[in-house]
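**Student:** Let me give you the structure first, and then I'll get to my questions.
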Amino acid sequence: MVKKLVKGNIALCEGALAAGLDAYFGYPITPQNEVPAYMSNKMVTLGKVFVQAESELAAANMVLGACATGKRAMTSSSSPGISLKQEAISYMAGMEIPSIIVNVQRGGPGLGNIAGSQADYFQAVKGGGHGDYHLIVFAPNCAQEMYEVTYEAFDIAEKYKNPVMILSDGIVGQMMEPVDFNKEQKTSFSKKDWCLDGCKDREPRSIKSLLMGDGALEQHNLDLQKKYEVIKANEVKAELYQVEDAEIIIVAYGISSRISKNAIKSARTKGIKAGMIRPITLWPFPTEIIKKYSKPPVKFLTVELSLGQMIEDVRLAVNGVSSVDFLGKAGGGIVSDKDVLNKIMELKK
Amino acid sequence: MNTYNEIIIAGLGGQGVLLAGTILAQSALEQNLKTTWFPSYGAEMRGGTANSTVIISDEEIGSPIAFSPSGLIALNALSLNKFLPRMIEGSSIVANSSLINPNEFKSDKNINFIPISEIADKEIGNIKAANMVAIGALIKILQVPSLDNVLKALQIAFAKKPTLIEVNIKAVNAGYNYK
Amino acid sequence: MEKIFSRPKALKDNPLSYCPGCGHGIIHRLVAEAIDELGIRERTIAVAPVGCAVFAYDYFNFDTTEAPHGRPPAVATGIKRTNPDKIVFTYQGDGDLAAIGTAETIHCANRGENITVIFVNNANYGMTGGQMAPTTLIGQVTETTPFGRDPLREGYPIKVAELLANLEATKYIERVTVFDAPHIIQAKKAIKKAFQNQVEGKGYSFIEVISHCPVDWGKTPLESVKWVEDVFLKTFPLGVIKDTTK
């Protein structure tokens, strides 16, 4: 198969198209503009739906509408835009509507800047919108994975009737890499016995998150939690890199994991046994995997392009058994492989 | 690692530094090497310097951002100023002497001053081909990717605008063969 | 004995939770009758708002979804664009449609989505206890305009129907009311035409229904009816505001 040189953002689009995307709704914001631009051409050419919405809120709610009918729809944005989408995201989590939301992260808070960043971890993983819910969150670290993760995301969203977020960043989104478009075009989809497709020969359905009856909302929340437990048990994805003999284990996702890998290679040439656990799903988080490798004298190092968000989950997983250090930069700054190597050497002392 | 190069292509917005980077990355792909391309994007598109970073390696590439750049094309003085201090020892550097006064750049690093814009304008007859002249000059020094693969990459990149293939091939050759 | 009047098939046999004297029950029925008469119940998908009609899915006997406050036009766009064969309508109040959802309303209309919008204007936020709505009249006392709506402080009542009529893409806009039988008959005609337009692919239709809200207005049902006629309709005159479907 011939590999094509494309941006991460375009690879993501191709993954969605191969997954049988019916509709894309978006709004311009850097650094994800390639996505709506590409989709505006592709979707129309394919006779599918593209709408440039009047706002991020509208785009997310168009996805809500389309997905409520069982269609495959997605929206994409970058950090400030994702904040605006949180309303619909919370509703979709509550209404159990499978949908795909892409965040090509940039620096924050506020309008921030347009450089790649990883400061939306809390927002993606811990809620973002109101209520007791979880998104399934993927964190691809290369163009190939942007393609593959997006391709899989639709099935997983539908399997659990849950919104899925693809948490990318400006660097992975903007970079070009050779991609092997190795997935088959999806043409058959699971039957949906919950969606709104007209009440011919059946009772009418309604999809809602407003549950005012005695105990109804509590029961709904308990049911959601049960679902989340199943997701936790089945859907954790992580890459393990040279962890078996590692004395220092880096935990990093997305772009940070690539920078860290360079540093690990350098450390190994210096005789330092470093390795990495790279969460591919941030929720569910690879808690058990990290726990398994938590034993003295192993030290953990979390590397993020933030001032420390995922580290909280690493600490919870390690649970005091090993030390957990941090290296990160905020506001669109980038940690270099040398920074990571220096930190590894410092920990080795 | 036999092959590992972090290459920065920098110039004014409009000088085609992003496209030049993609050609270089495509060439590396043609040569079965690993490659990444990363652009400066956003505000920098509107004046000032634009740049793209291409990493070419025979092993899996970590960061697409150049922390230890070893190759540079600087199409204007601003770009040379900005990136020269970051270049590691033994870097391959091509600078556009049509727009940069070599006397203003005293450096212990070896800078190959080539009148890139002039070659594009006078020899090729298209000032816009300066970026490709520069690519030709750079790969001559780096010896990777090969000239053949750069020419192949041009066929792929301009498949939808075949009329541009010939002029770009001429430009790459002119840079490559510059004495 | 022949049965000559019964509940429309498009309404469930559930007691309405609306306040005594409220107009929503009548409007629900008119929508349901129109849907029955056009034979489109089995391919209708409704979008309920946040507000008094939030429980619409308990009353309408066809597929219904909830939408966040003000977003029904966006949700309806998502449904209709991916399901052009379905009949999609939003049922929204004045707060939902003309305050928090103004952007969605205008842009949905401006795209000329082939949907039907039922806009229930009762000049206040009913569900939350009678606060000022964007359509509250000048001088009208509400929970949050205790001195009466003062245009210098709260601006003027917004006339969405007239606003939307200025957009090229909108096809049919009519303002009706339901306070007495002749007006109910006219409202029914308008609502049915708005659905008929969609069935025929004619584009965006918008029916504003001036409705009464005795409980939050602090009036008896009879006083409310009189207030609609004497006061409300002076600011919001009835009639076809735009019709380019012919």
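Coordinate-derived values only; no laboratory data. Quick caveat, the model's predicted, so the values are computed rather than measured. So basically every Cβ, Gly included, is an ideal-geometry build from the backbone, and we count neighbours across all protein chains shown.
**Student:** In debye, nearest 20, what is the charge dipole magnitude of the range A:4-234 about its Cα centre with +1 on Lys and Arg Cβ and -1 on Asp and Glu Cβ, if you could check? Kindly include the intermediate steps, with their values, before the conclusion.
**Tutor:** Numbers: 22 positive and 26 negative charges, 67 e Å.
Result for the range A:4-234 is approximately 320 debye, rounded to the nearest 20.
**Student:** On to the next question. With a cap of 11 neighbouring Cβ atoms within 10 Å, and only residues DSSP puts in a loop, list the GluC sites (Glu not before Pro) found in the range A:238-281.
**Tutor:** A:Glu244
**Student:** If a paramagnetic tag sat 7 Å from the Cα of B:Glu166 along the Cα-Cβ line, which residues of the range B:111-130 would have the backbone N under 17 Å from that point?
**Tutor:** B:123-127, B:129
**Student:** Whole Å is fine, so just give me how far the alpha carbon centre of the range A:271-349 lies from that of the range C:197-239.
**Tutor:** Using only Cα atoms to place each centre, the spacing works out to 62 Å.
**Student:** Which one, C:Phe60, A:Ser206, C:Ile87, projects farthest toward the positive side of the charge dipole computed for the protein assembly as shown from Cβ point charges (K/R +1, D/E -1)?
**Tutor:** It is C:Ile87.
**Student:** In whole angstrom, how far apart do the alpha carbon centroids of the range A:140-163 and the range A:184-256 sit?
**Tutor:** 12 Å
**Student:** Could you order the peptides C:225-235, A:24-34, A:190-200 from most to least packed, using the average number of other C-beta atoms within 10 Å per residue?
**Tutor:** Working: C:225-235: 16.5, A:24-34: 23.5, A:190-200: 14.9.
My ranking of the peptides, most packed first, is A:24-34, C:225-235, A:190-200.
**Student:** Once you have a ≥ b ≥ c as the square roots of the Cα gyration tensor eigenvalues for the range C:1-75, tell me rounded if a/c is under 1.5, and otherwise prolate or oblate according to whether a/b is larger than b/c.
**Tutor:** Details: a/c = 2.49, a/b = 1.41, b/c = 1.77.
Because a/c hits 1.5 or more and a/b fails to exceed b/c, the range C:1-75 counts as oblate.
**Student:** Would you mind checking the tilt of helix A:254-269 against the longest principal axis of the Cα atoms of chain A, expressed as 0 to 90 degrees and rounded to 10?
**Tutor:** Helix A:254-269 and the main axis of chain A meet at about 20 degrees.
**Student:** I need the shape label for chain A. Rule: rounded when a/c is under 1.5, else prolate if a/b > b/c, else oblate, with a, b, c from the alpha carbon gyration tensor.
**Tutor:** It is prolate, given that a/c is not under 1.5 and a/b is the larger ratio.
**Student:** About the Cα centre, and with charges only on the beta carbon of Lys, Arg (+1) and Asp, Glu (-1), how big is the dipole of the range B:48-179? Nearest 20 debye, please.
**Tutor:** Values: 12 positive and 11 negative charges, 70 e Å.
About 340 debye.
**Student:** Report the charge-dipole magnitude of the protein assembly as shown in Debye, nearest 20, computed about the Cα centre from +1 at each Lys and Arg Cβ and -1 at each Asp and Glu Cβ.
**Tutor:** Computed about the Cα centre, the dipole is about 1140 debye.
**Student:** Give the residues of the range C:23-47 whose amide nitrogen is closer than 19 Å to a point set 7 Å from the Cα of C:Ser6 in the direction of its Cβ.
**Tutor:** From the range C:23-47, the list is C:29-42.
**Student:** How big is the gap, in Å, between the Cα center of the range A:77-127 and the Cα center of the range A:23-68?
**Tutor:** About 16 Å separates the Cα centre of the range A:77-127 from the one of the range A:23-68.
**Student:** While we're here: Shielding of A:336-342 by partners, i.e. mean partner chain Cβ atoms within 10 Å per residue?
**Tutor:** Values: counts 5, 5, 2, 1, 2, 0, 0.
Average neighbour count from other chains, rounded to a whole number: 2.
**Student:** Something else: At 7 Å along the Cα-to-beta-carbon direction for both B:Glu89 and A:Leu111, put a label point, then send me their distance in nm to one decimal.
**Tutor:** Spacing of the two 7 Å Cα→Cβ label points: 4.6 nm.
**Student:** Please give the helix A:337-348 orientation as an angle from the longest Cα principal axis of chain A, in degrees from 0 to 90, rounded to the nearest 10.
**Tutor:** Helix A:337-348 and the main axis of chain A meet at about 60 degrees.
**Student:** So, one more: Compute the label zone of C:Asp13 within the range C:36-73: residues whose backbone N is under 16 Å from the point 7 Å along Cα-to-Cβ.
**Tutor:** It comes to C:59-62, nothing else.
**Student:** Can you say what percent of the DSSP beta bridges in the range B:4-176, counting only those with both residues inside, are antiparallel? Round to 5.
**Tutor:** Numbers: 15 of 27 bridges.
Beta bridges within the range B:4-176, antiparallel portion: roughly 55 percent.
**Student:** Something else now. What fraction of the DSSP beta bridges in chain C is antiparallel, stated in percent and rounded to the nearest 5? Numbers along the way, then the final one.
**Tutor:** Working: 8 of 32 bridges.
Bridges in chain C are about 25 percent antiparallel.
**Student:** Any of A:Lys200/A:Lys227; A:Lys292/A:Lys329; A:Lys71/A:Lys200 with alpha carbons more than 20 Å apart? Name them for me. Display every interim value, and only then the final one.
**Tutor:** Details: A:Lys200/A:Lys227 30 Å; A:Lys292/A:Lys329 28 Å; A:Lys71/A:Lys200 18 Å.
Those over the limit are A:Lys200/A:Lys227; A:Lys292/A:Lys329.
**Student:** Give me the inter-chain shielding for A:199-209: mean count of other chain Cβ atoms within 10 Å, whole number please. Walk me through the numbers before you get to the answer.
**Tutor:** Values: counts 10, 5, 1, 2, 3, 13, 6, 12, 6, 9, 2.
Average neighbour count from other chains, rounded to a whole number: 6.
**Student:** Report the one residue of C:Ile138, B:Gly11, A:Phe326 whose Cα lies farthest in the direction of the positive end of the charge dipole of the protein assembly as shown (charges on C-beta: Lys and Arg +1, Asp and Glu -1; origin at the Cα centre).
**Tutor:** So the residue furthest toward the plus end is B:Gly11.
**Student:** Below 17 Å Cα-Cα, how many Lys pairs turn up in chain B? Only count pairs eight or more apart in sequence, or on different chains, if you could.
**Tutor:** For chain B, qualifying lysine pairs total 15.
**Student:** Indicate the gyration tensor shape class of the range B:89-178 (rounded, prolate or oblate), computed on the Cα atoms with a ≥ b ≥ c the square roots of the eigenvalues: a/c under 1.5 is rounded; otherwise a/b larger than b/c is prolate and the rest oblate.
**Tutor:** On the way: a/c = 3.01, a/b = 1.54, b/c = 1.95.
Since a/c reaches 1.5 but b/c is at least a/b, the shape of the range B:89-178 is classed as oblate.
**Student:** Residues of A:136-147, mean number of Cβ from any other protein chain within 10 Å of their own Cβ, rounded to a whole number?
**Tutor:** Numbers: counts 0, 0, 0, 0, 0, 1, 4, 3, 0, 0, 0, 0.
Whole-number average of other-chain Cβ neighbours for A:136-147 is 1.
**Student:** Sorting check: for B:22-30, B:98-106, which peptide has the highest mean count of neighbouring beta carbons within 10 Å, and how do the rest follow?
**Tutor:** Working: B:22-30: 26.2, B:98-106: 13.8.
Descending packing order for the listed peptides: B:22-30, B:98-106.
**Student:** Please list, or write none, the lysines whose alpha carbon is within less than 27 Å of the alpha carbon of C:Lys234, excluding same-chain residues fewer than 8 places away.
**Tutor:** Reachable lysines: C:Lys159, C:Lys171, C:Lys188, C:Lys189, C:Lys192, C:Lys193, C:Lys219, C:Lys226, C:Lys242.
**Student:** Quote the FRET efficiency, to the nearest 0.05, computed for C:Glu229 versus C:Leu152 with a Förster distance R0 of 30 Å and r equal to the Cβ-Cβ distance. Please list the in-between numbers first.
**Tutor:** Values: r = 28 Å, r/R0 = 0.93.
E between C:Glu229 and C:Leu152, to the nearest 0.05, is 0.60.
**Student:** Now, a different point. Could you sort A:67-73, C:57-63 so that the peptide with the highest average Cβ count within 10 Å comes first and the rest follow in order? Before the final figure, lay out the partial values.
**Tutor:** Details: A:67-73: 27.1, C:57-63: 23.7.
Going from most to least packed, we get A:67-73, C:57-63.
**Student:** Using +1 at the Cβ of each Lys and Arg and -1 at the Cβ of each Asp and Glu in chain A, identify which of A:Gly271, A:Ala252, A:Leu316 lies farthest towards the dipole's positive end.
**Tutor:** Towards the positive end, the residue furthest out is A:Gly271.
**Student:** For A:Val2 and C:Leu38, FRET efficiency with R0 = 60 Å and r from the beta-carbon atoms, rounded to 0.05? If you can, show how the numbers build up before the last one.
**Tutor:** Working: r = 53 Å, r/R0 = 0.89.
Working from the Cβ atoms, E equals 0.65.
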